[in-house]
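Read through the structure below, which is laid out as C-alpha cells, and then see the notes.
The values are calculated or read from the model by the stated rules, or taken from the named source; none is laboratory data. Nothing here was measured: the structure is a model prediction, and the numbers come from that model. Here the Cβ positions follow ideal geometry from the backbone for every residue, glycine too, while neighbour counts run over all protein chains shown. Surface accessibility is based on the protein's heavy atoms, side chains included, excluding ligands, DNA and RNA. Shrake-Rupley method; radii C 1.70, N 1.55, O 1.52, S 1.80 Å.
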Amino acid sequence: MALYLLYESASGYSLFQAHGIDEIGQNTEAVRNSVLDLNRFGKVVRFVAFNPFSSALDALNQCNAISEGLMTEELRNFLEINLPKAKEGKKAKFSLGVAEPKVGSQIFETTKIPCQSNEFVLELLRGVRLHFDRFIKDLKPTDLEKAQLGLGHSYSRAKVKFNVNRVDNMVIQAIFLLDTLDKDINSFSMRVREWYSWHFPELVKIVNDNYLFAKIAKFVENKSELTENHIPELADIVGDEDKAKEIVEAAKASMGQDLSPIDLINVQQFAQRVMDLSEYRKKLYEYLVTKMNDIAPNLASLIGEVVGARLISHAGSLTNLAKCPSSTLQILGAEKALFRALKTRGNTPKYGLIFHSSFIGRASARNKGRMARYLANKCSIASRIDCFSEANTTVFGEKLREQVEERLEFYDKGVAPRKNLDVMKSAIDNVFQKSLQSGDDEDKNQMEVDNGLADASVKKSKKKKSKGEKAHEEPMEQDQPAAGTNEDASAQESEKKKKKKKHRLAEDTIPETPNGMDAAENEQNGTAKKKKKKHHGDEDEGANGQAASEVKKKKKKQKKADDDDE
C-alpha cells in the first residue's frame, strides 16, 4: 500500500510520497538514522505537489483550522486533485500520513481517504521539515524563515486577542498587586514609625493605625512647634478631640531627640509616599470589587471579592476554576500540605484559600471541615454559573449564601435547612421576575416557552404517576379484605377444632346425667353458640359478600357436624 505524506508549512500545503521504504525498512530507528542524510532520504520520499497560500491572512486562517482539527475547502481540493482516486465500492490502495490525528479523522470523515498518524509517519515528516527547501525549487531558505516568522507572530497575536480568559487577567493582576501592596505598605509604615519615633516616641502608643501615624507625622513635622492652636486640625485628622489634646500634651513632655530640618524633610516625604500608597490601595480594592461584580458576581456575593479573586488567580482563570470539582476547590492553595500528607501518610488538609472566608471562622472547631466541604460545593456551583451563563446576576450567589448561613445554623442549633431544589427554584423565579421588570421581550418569551414546556412535562409526569398509582392501588384495596376474611376464617376453624376436642374430653370424663340436665346443657350451649354467631357476624360485616357467603357455608357445615356428634 502506497503511503502519502501531508506537510503543512508556513508557505502552503505540500504532498510527498514515501516510495522507497523498503530501502530503510519500516523500523522507526532506521528512518530516524536516514533523515539526516539527504541523499538517502531523497530516495525514500518523493515530492508530489505543492499549493502555496495566497496571502498572510489565508495562511493564518489555514493554520487556525489545522490547530483546531478542521479541514478547509482549500485542503480538500488539494487532496482530491493530487491523490489517486479510488474506485467506487472498493478500498483505497493508499493511505495518507498526517501529523495531527484530529485532522486525519476529519479528512477520513469528509473524503473517505484513509489516514494514519504514528511514530513512523512523524519521523518521515520530520525529515520533510528538515529538507523542505531542497524539495521545492525556487524556494529560498530565507523566504521560508520569513514566512514562518510572520505566521508565528500573527498566530500568537490572534491567540492572545481571542483569549477566552482575557477578562480574568485583570482580576488576576489586581489581586496580585493588592497582596504586594499590603506587604509593601506594612513594611513602609513600620519604617516610618521607627524613623519618626526617634523624634516623637510617645506618638506610637497614642496612634495605632499606620495610615494615621504617617498622616500625623507629615502634619506635625517638628514636635517643638506643636501648640494648642493645632488641636482642631489634629482632631480632624484623628477624629477625636481628646486624642488630639493627648498628642499635644505628649509633644510638650516628649523624650525624643531633635532632628535637623533635612532629616525632617526626608521623614515627611517618606510619610507622604506611604499615604499615597495607602490611598492607591483603596482605589485598587474598589477596582477589584467592580471587576469581580462584572466577571463573577455570584462567586463574589457568596464568598467575597478578595477570596473569590484569589481562587480565580490560583486556578489560572474563571474557566479553569469552573472545571475544578468541589474537592479540588476545597484544598486549592494547600497543595504543599496535601502532598506532604500523602508522602508521610498523615491527615490531608481540610481547607485552602477558602479558609479566609468568614464562614469557616464562624464554624466551631469540630465543624470546620464540614463547613469547608459545603462551602467549596457552593463555590463550585457559583463559579460554573458565572462562567457559562450569559445573564449577569447575583441572585444565585445570594441564595447560595443563604444556604451556607442555614447550614451554619443547622450545625449550631439543629435548625433543618431548606432543600437545594427549592432554593434553586426560588432563584430561577427571581431571575425570571427581574427579566420581566427589565422589559427584555425576547428573554421573556423564551423563558415563558421554557417554563410552559417544563410545566407541561411536570403535568404529564403527574398524570402518569396518578394513573400508575391508581392501577396499583385498586387491586390492593380489593385484596386486603379478602385476605382479612381468610385469616379470620382460618382462626375460627382452629378455635372450633380445639373446642370440639375439649368437648369430647369433657364428655368422656363427666359421668352420665339425667335427660333433663342434658337438655338444659344443650339449651345453654345453643344460646352460647348463637351469641358467638352474632359476634362473628358483627366482625365480618365489613367483608365482601363473596367471602361472607363462603364463611356462612363453612359455619353451616360445622353446625351439622356438631349436631351429628351430639
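A few notes on this one:
- Every pair of residues 6+ apart whose Cβ atoms lie under 9 Å, when the first sits in the stretch 345-362 and is charged (D, E, K, R) while the second is not in a helix (DSSP H, G or I): 350/331; 350/334
- Residue 59 in contact with a helix residue (DSSP H, G or I) (Cβ under 7 Å, 6 or more places away or on another chain) and open to solvent by less than 30 Å² (accessible area, probe 1.4 Å): yes
- Residue count, the stretch 188-230 (criterion: free of Cβ contacts under 8 Å to residues at least 40 places away in the same chain and of a type in the set (Gly, Ala, Ser)): 1
- Check on residue 174, open to solvent by less than 70 Å² (accessible area, probe 1.4 Å), over 30 Å from residue 321 (Cα atoms) and in contact with a Lys or Arg (Cβ under 9 Å, 6 or more places away or on another chain): no
- Put simply, of 67, 105, 55 the only residue that is polar (S, T, N, Q) and over 22 Å from residue 124 (Cβ atoms) is 55.
- All helices (runs of 4 or more DSSP H) inside the stretch 326-423 with 3 or more residues being surrounded by 12 or more Cβ atoms within 10 Å (Cβ to Cβ) and of a type outside the set (Phe, Trp, Tyr): 326-330, 335-344, 368-388, 395-413
- Checked against (1) modelled with pLDDT under 85; (2) closer than 28 Å to residue 279 by Cα; (3) in contact with a Phe, Trp or Tyr (Cβ under 7 Å, 6 or more places away or on another chain), residue 207 meets all criteria but (1).
- Qualifying position, being in contact (Cβ under 8 Å) with a residue 40 or more places away in the chain, touching an Asp or Glu at 6+ places or on another chain (Cβ under 9 Å) and in a helix (DSSP H, G or I), among 168, 184, 143, 133: 143
- Long-range neighbours under 6 Å by Cβ, at least six apart or interchain, first residue under 19 Å from residue 375 (Cβ atoms) within the stretch 411-423, second surrounded by 10 or more Cβ atoms within 10 Å (Cβ to Cβ): 411/367; 415/409; 417/406; 417/407; 417/410; 423/399; 423/403
- Residue that is most open to solvent (accessible area, probe 1.4 Å), among those in the stretch 83-121 that are under 21 Å from residue 34 (Cβ atoms), in a helix (DSSP H, G or I) and touching a helix residue (DSSP H, G or I) at 6+ places or on another chain (Cβ under 9 Å): 119
- Subset of the stretch 62-78 that is of a type in the set (A, V, I, L, M, F, W, C) and in contact (Cβ under 8 Å) with a residue 12 or more places away in the chain - its residue that is most open to solvent (accessible area, probe 1.4 Å): 70
A quick yes/no check of all residues on (1) closer than 28 Å to residue 312 by Cβ; (2) at pLDDT 85 or above; (3) out of contact with any helix residue (DSSP H, G or I) (no Cβ under 7 Å at 6 or more places or on another chain); (4) aliphatic (A, V, I, L, M):
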position	(1), (2), (3), (4)
377	yes, yes, no, no
401	yes, yes, no, no
410	no, yes, yes, no
430	yes, yes, no, no
436	no, no, no, yes
440	no, no, yes, no
443	yes, no, no, no
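- Options 202, 221: the member that is within 19 Å of residue 250 (Cα to Cα), among the charged types (D, E, K, R), in contact with a Ser or Thr (Cβ under 8 Å, 6 or more places away or on another chain) and surrounded by 13 or more Cβ atoms within 10 Å (Cβ to Cβ): 202
- Total residues in the stretch 269-287 satisfying the condition of being of a type in the set (S, T, N, Q) and open to solvent by less than 70 Å² (accessible area, probe 1.4 Å): the figure is 2.
- Scanning the stretch 253-268 for residues that are surrounded by 11 or more Cβ atoms within 10 Å (Cβ to Cβ) and under 19 Å from residue 213 (Cβ atoms) yields 254, 256, 259, 263, 264, 265, 266, 267, 268.
- One residue stands out among those in the stretch 12-32 that are open to solvent by 20 Å² or more (accessible area, probe 1.4 Å) and closer than 24 Å to residue 139 by Cβ: the one that is modelled with the highest pLDDT, which is 17.
- Residue ID - farthest from residue 3 (Cα to Cα), chosen from residues in the stretch 64-82 that are under 41 Å from the mean Cα position of the chain (by Cα), among the aliphatic types (A, V, I, L, M) and not in a loop (DSSP other than H, G, I, E, B): 65
- Checked against the criterion of being closer than 23 Å to residue 411 by Cβ and not charged (D, E, K, R), the stretch 339-347 has at least one qualifying residue.
- Options 259, 234; residue that is at pLDDT below 90 and either outside any helix (DSSP H, G or I) or polar (S, T, N, Q) (or both): 259
- Residue in the stretch 305-318 that is modelled with pLDDT of 90 or more, under 24 Å from residue 404 (Cβ atoms), in contact with a Gly (Cβ under 9 Å, 6 or more places away or on another chain) and buried (at least 20 other Cβ atoms within 10 Å of the Cβ) present: yes
- Within the stretch 93-110, residues that are more than 16 Å from residue 4 (Cβ to Cβ) have Cβ atoms under 9 Å from residues that are surrounded by 17 or more Cβ atoms within 10 Å (Cβ to Cβ) and of a type in the set (Gly, Ala, Ser) in these pairs: 101/117, counting only partners at least 6 apart in sequence or on another chain.
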